[in-house]
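The values are calculated or read from the model by the stated rules, or taken from the named source; none is laboratory data. Keep in mind the model is a prediction, meaning the values are calculated, not measured. Please note: Cβ atoms are built from the backbone with ideal geometry, for glycine as well, and neighbour counts cover all protein chains shown.
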Amino acid sequence: MTARTLYDRIWDDHVIARQDDGTCLIGIDRHLIHEVSTPQAFEGLRAAGRRLRRPELTLAMPDHNVPTINRDKPIEDPQSALQLKVLEENCRDFGIEYYEMTAPEQGIVHVVGPEQGFTLPGVTLVCGDSHTSTHGALGALAFGIGTSEIETVFATQALLLGKSRNMAVRVDGVLGRGITSKDVALHLIAKIGTAGGTGHVIEFMGSAIDAMSIEARMTLCNMAIEAGARAGLVAPDEKTFAYVKGRPRAPQGADWDIALAWWKTLKSDPDALFDAVIEIDAATIAPTVTWGTSPEDSAPIDGAVPAIDADPVRAAAMGKALDYMGLTPGTPMAEITIDQIFIGSCTNSRIEDLRDAAAIVRGRKVAASVKRAMVVPGSGLVKLQAEAEGLDRIFIDAGFEWRDPGCSMCLGMNPDKVPAGQRCASTSNRNFVGRQGPGARTHLVSPPMAAAAAITGKLTDVRTLEAI
Amino acid sequence: MRPFRSVTGIAVPFGAKNVDTDIIIPSRWLKVITRTGLGQGAFEQLRADQANIFDQPRYAGAPILIAGENFGCGSSREHAPWALLDMGFRAVIAPSFADIFSSNSAKNGLALIALPQEAIDRLLAAAQDGTVTVDLEANQVTTDAGDRFPFVMDAFRRHCLLEGLDEIGLIAQREAEIVAHETRLRSERRWVGVQ
Ligand code: SF4
């Protein structure tokens with residue numbers, strides 16, 4: 001048999017049927033659902049009189065619309081309230097397990113899946129959300145789908161798909177002090193562009209990836225979609241198995257042994273061919289911050305807003321972005337003042353992210369010029385864990401708001417928005433025009449960098465703060 | 001999905017180019033929970049103008065829309081084809097369509113017919129006072145004034161439209177293979193189904 005990549009292996013293992021044109025019917029093992037992209041899929045099922053084929057393989061929770069305060073009171077926005085109510089009713093009618101907004105297990109789907117052991121190595125996992133790529137950190141083939149496809153998975157637990165190409169991103173060497181996988185992701189996207197991974201599944205490999213924690217790998221795979229890739233993957237290793245073992249939905253007993261034996265085989269063959277290979281030296285990566293309105297518009301914190309490009313098309317796009325961001329070429333990144341801090345989102349709201357940020361915040365105060373600094377844990381369990389470790393006190397004492405879990409200011413579908421014209425250092429994944437609210441200016445950063453910005457009131461090289 | 005073989009009727013001679021999904025259905029409609037009823041929000045901004053083409057009595061109930069190039073560009077929202085179908089359209093004829101909009105339309109049984117700009121110009125004129133026929137079985141668009149424009153559509157997409165096969169319908173034909181896959185999973189990887 002020809003050498004195969006990890007993606008090839010998981011794909012082959014889930015092929016139910018192959019059409020003449022190469023399109024494959026792929027079996028789906030796991031389906032996460034939330035309130036925004038599913039109502040019409042359920043409606044379609046009802047209209048056609050169809051059942052859910054495998055309700056036990058689906059897990060539901062609200063995350064996009066949920067408020068992050070006053071959870072005991074009714075949701076004020078009637079449309080948000082209705083989307084939640086409809087999800088709950090649909091789950092009841094179709095027999096899907098549902099974590100309600102106030103359940104401790106509730107959170108952002110991409111935080112909760114791995115946390116519950118719902119996400120497992122070698123499975124196919126889908127969700128009506130592009131950042132489903134996150135789950136690839138455990139060696140699951142995970143990708144976002146549209147509403148019609150959600151309905152298809154409901155009815156058939158399978159999807160008709162064309163296969164993507166293979167890309168390897170190899171990061172070797174040791175990351176510097178204060179550098180996180182978020183910086184690796186932003187560095188990669190700056191290097192290959194937001195369309196660099198289009199049509200590909202990216203497998204991350206190399207000594208720097210091996211050295212990363214599972215949560216750090218999640219941050220990296222989460223951002224694979226911002227590089228245009230269909231999915232991100234990391235081959236499961238001993239760290240993965242240790243992470244999964246004992247989680248509520250993970251296999252147990254004899255099932256665990258069978259699963260583990262198979263998971264250990266899940267890697268790319270040494271001579272497997274990739275359609276594209278990107279190599280990065282970990283030592284060259286600095287804390288990275290975006291200055292524009294696309295995740296590829298970034299610079300090292302010790303750099304500056306770049307000069308306008310010579311290429312006229314690129315120059316026009318840059319001009320528009322800088323105009324929106326209220327920045328001029330040549331401005332040192334570390335001189336950009338910040339109004340809002342958001343630590344949260346499916347990219348960076350796990351316990352390690354909060355620990356990293358708290359380590360910088362401890363014993364310090366949020367700068368008086370910062371109008372709001374907010375921490376939104378990724379799940380109720382992350383929140384409880386952080387409180388058990390006293391992280392909430394560190395944040396609150398410094399002047400941060402400590403909120404309930406959800407997508408929050410990542411996209412502002414709930415009341416958490418960045419006011420027009422204000423500048424936010426955000427640990428989320430998209431700095432698109434208006435993403436955090438109409439007119440909002442987003443700078444994507446790592447959790448320690450967001451914490452550093454909160455303390456000084458401007459974008460700050462976290463490496464200069466740590467010594468204090 | 002409702003099969004699409006041939007549709008004859010009034011066509012709205014809209015003709016606008018680069019109509020994006022925000023124009024077809026504004027983002028505030030994304031908080032809805034049904035795919036029906038979106039016709040109300042379709043072309044909302046354009047229809048705020050009393051004299052808009054869509055609400056002229058002579059085009060009431062038209063099943064065909066004639067548009068300009070790059071129709072459906074912008075976001076991936078499936079709400080765009082849902083809104084058009086809810087307005088009563090079964091087919092859109094234009095010189096070109098955006099990628100994601102095309103696949104979303106195909107999944108919902110909305111026929112997208114690509115014809116050269118000269119044909120579109122002629123159809124825009126003919127639609128003023130006559131009917132248009134989109135015949136998918138014969139691969140042609142005709143008018144009651146005697147025009148005839150052949151078109152080409154991706155074979156798989158055409159097959160699905162003609163037979164009314166949505167993805168679920170198509171996959172249902174593979175039931176035996178799905179069951180075989182599930183059986184294999186149960187014996188080799190029982191844990192996938194246990195949580
Ligand atoms: S946190 Fe942001 S990116 Fe992640 S699922 Fe929610 S809205 Fe999407």
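The residue that is farthest from the other protein chains (Cβ to nearest Cβ), counting only those in segment A:415-466 that are basic (Lys, Arg) and more than 16 Å from the ligand (Cβ to nearest atom), is A:463.
Determine if segment A:297-320 includes at least one residue that is under 23 Å from residue A:140 (Cβ atoms) and within 22 Å of the chain's Cα centre (by Cα). Checked against the condition, which is being under 23 Å from residue A:140 (Cβ atoms) and within 22 Å of the chain's Cα centre (by Cα), segment A:297-320 yields no hits at all. Tell me yes or no: at least one residue of segment B:42-57 is aliphatic (A, V, I, L, M), away from chain A (no Cβ under 14 Å), surrounded by fewer than 16 Cβ atoms within 10 Å (Cβ to Cβ) and over 13 Å from the mean Cα position of the chain (by Cα). Yes, segment B:42-57 contains a residue that is aliphatic (A, V, I, L, M), away from chain A (no Cβ under 14 Å), surrounded by fewer than 16 Cβ atoms within 10 Å (Cβ to Cβ) and over 13 Å from the mean Cα position of the chain (by Cα).
Applying the set (1) closer than 23 Å to residue A:178 by Cβ; (2) away from the ligand (no atom under 16 Å from the Cβ); (3) surrounded by 16 or more Cβ atoms within 10 Å (Cβ to Cβ) to residue A:332 leaves exactly one unmet item: (3). Listed by position, the strands (runs of 3 or more DSSP E) enclosed by segment A:136-229 that each have at least 2 residues that are away from every other protein chain (no Cβ under 14 Å) are A:165-172, A:200-205. Considering every residue within segment A:356-371, establish whether at least one is within 19 Å of residue A:70 (Cβ to Cβ), surrounded by fewer than 20 Cβ atoms within 10 Å (Cβ to Cβ) and not β-branched (Val, Ile, Thr). Checking segment A:356-371: not a single residue is within 19 Å of residue A:70 (Cβ to Cβ), surrounded by fewer than 20 Cβ atoms within 10 Å (Cβ to Cβ) and not β-branched (Val, Ile, Thr). Apart from one condition, residue B:171 fits all of (1) under 30 Å from residue A:125 (Cα atoms); (2) touching a Phe, Trp or Tyr at 6+ places or on another chain (Cβ under 8 Å); the exception is (2). Residues considered: A:186, A:159. Of these, the only one that is within 26 Å of residue A:97 (Cβ to Cβ) and out of contact with any Phe, Trp or Tyr (no Cβ under 9 Å at 6 or more places or on another chain) is A:159.
Pairs meeting the criteria (first residue in segment B:161-173 and away from chain A (no Cβ under 11 Å), second residue in a loop (DSSP other than H, G, I, E, B) and among the charged types (D, E, K, R), beta carbons under 6 Å, at least 6 apart or on different chains) are B:164/B:2. The lone criterion from (1) within 21 Å of residue A:287 (Cβ to Cβ); (2) outside any helix (DSSP H, G or I); (3) more than 16 Å from the ligand (Cβ to nearest atom) left unmet by residue A:352 is number (2).
Among the residues making up segment A:18-39, those that are more than 9 Å from chain B (Cβ to nearest Cβ), more than 27 Å from the chain's Cα centre (by Cα) and in a loop (DSSP other than H, G, I, E, B) are A:20, A:22.
All of (1) crowded, with 19+ Cβ neighbours inside 10 Å; (2) assigned to a helix (DSSP H, G or I); (3) not β-branched (Val, Ile, Thr) hold for residue A:93 with one exception: (1). For segment A:125-134, does any single residue satisfy the condition of being over 26 Å from residue B:81 (Cβ atoms) and either in contact (Cβ under 8 Å) with a residue 60 or more places away in the chain or assigned to a helix (DSSP H, G or I) (or both)? Looking for residues that are over 26 Å from residue B:81 (Cβ atoms) and either in contact (Cβ under 8 Å) with a residue 60 or more places away in the chain or assigned to a helix (DSSP H, G or I) (or both), one finds at least one in segment A:125-134, hence yes.
State all residues of segment A:438-459 that are touching a strand residue (DSSP E or B) at 6+ places or on another chain (Cβ under 9 Å), not in a helix (DSSP H, G or I) and not aliphatic (A, V, I, L, M); if no residue qualifies, say none. Selection gives A:441, A:442, A:443, A:446, A:457, A:458.
Each residue in segment B:13-39 was checked for being part of a helix (DSSP H, G or I) and over 21 Å from residue A:81 (Cβ atoms), and 5 pass. More than 11 Å from chain B (Cβ to nearest Cβ) and either assigned to a strand (DSSP E or B) or farther than 22 Å from residue A:111 by Cβ (or both): does that describe residue A:52? Yes: the conditions hold for residue A:52. What pairs can you find where one residue is in segment A:407-428 and on the phi > 0 side of the Ramachandran plot, the other is of a type outside the set (Lys, Arg) and away from the ligand (no atom under 14 Å from the Cβ), and their Cβ atoms are less than 6 Å apart, with a gap of 6+ or different chains? As it stands, the answer is A:421/A:439, since those pairs meet every condition given. Here residue A:86 fits the description: out of contact with any Ser or Thr (no Cβ under 8 Å at 6 or more places or on another chain), facing another protein chain (nearest Cβ under 8 Å) and assigned to a helix (DSSP H, G or I). Annotation: residue A:65 fulfils all but one of (1) over 18 Å from the mean Cα position of the chain (by Cα); (2) within 21 Å of residue A:113 (Cβ to Cβ); (3) within 12 Å of chain B (Cβ to nearest Cβ); the unmet one is (1). Taking segment A:1-17 as the range and being more than 24 Å from the chain's Cα centre (by Cα) and in a loop (DSSP other than H, G, I, E, B) as the test, the residues that pass are A:1, A:2, A:3, A:4.
When segment A:382-414 is filtered for residues that are among the aliphatic types (A, V, I, L, M) and within 16 Å of the ligand (Cβ to nearest atom), the ones remaining, listed by number, are A:382, A:409, A:411, A:413. Note down all Cβ pairs under 9 Å where the first residue falls in segment B:103-115 and is more than 11 Å from chain A (Cβ to nearest Cβ), the second is polar (S, T, N, Q) and surrounded by fewer than 21 Cβ atoms within 10 Å (Cβ to Cβ), and they're at least six residues apart or on different chains. Cβ pairs passing all conditions: B:112/B:102; B:114/B:96. Listed by first and then second residue, the pairs with beta-carbon distance under 7 Å, at least 6 apart or on different chains, first residue in segment A:348-370 and more than 14 Å from chain B (Cβ to nearest Cβ), second away from the ligand (no atom under 16 Å from the Cβ) and at pLDDT below 95, are A:360/A:465.
When A:259, A:286 are checked against the criterion of being of a type in the set (Gly, Ala, Ser) and assigned to a loop (DSSP other than H, G, I, E, B), A:286 stands alone in meeting it. For residue A:375, the conditions (1) within 16 Å of the ligand (Cβ to nearest atom); (2) touching a residue at least 40 places away in the same chain (Cβ under 8 Å); (3) buried (at least 18 other Cβ atoms within 10 Å of the Cβ) all hold with the exception of (2).
Scanning segment B:25-78 for residues that are β-branched (Val, Ile, Thr) and touching a Pro at 6+ places or on another chain (Cβ under 9 Å) yields a count of 5. Contact map, segment B:15-35: residues that are closer than 16 Å to residue B:45 by Cα and within 12 Å of another protein chain (Cβ to nearest Cβ) paired with residues that are part of a loop (DSSP other than H, G, I, E, B) and aliphatic (A, V, I, L, M), Cβ distance under 8 Å, separation 6+ or inter-chain. Pairs shown: B:30/A:36. Residue B:125 meets the conditions (1) touching a Pro at 6+ places or on another chain (Cβ under 8 Å); (2) over 25 Å from residue B:104 (Cα atoms); (3) within 14 Å of chain A (Cβ to nearest Cβ) in every case but one. The failed one is (3).
Of a type outside the set (Gly, Ala, Ser) and either away from chain B (no Cβ under 12 Å) or farther than 21 Å from residue A:351 by Cβ (or both): does that describe residue A:132? So residue A:132 passes the test.
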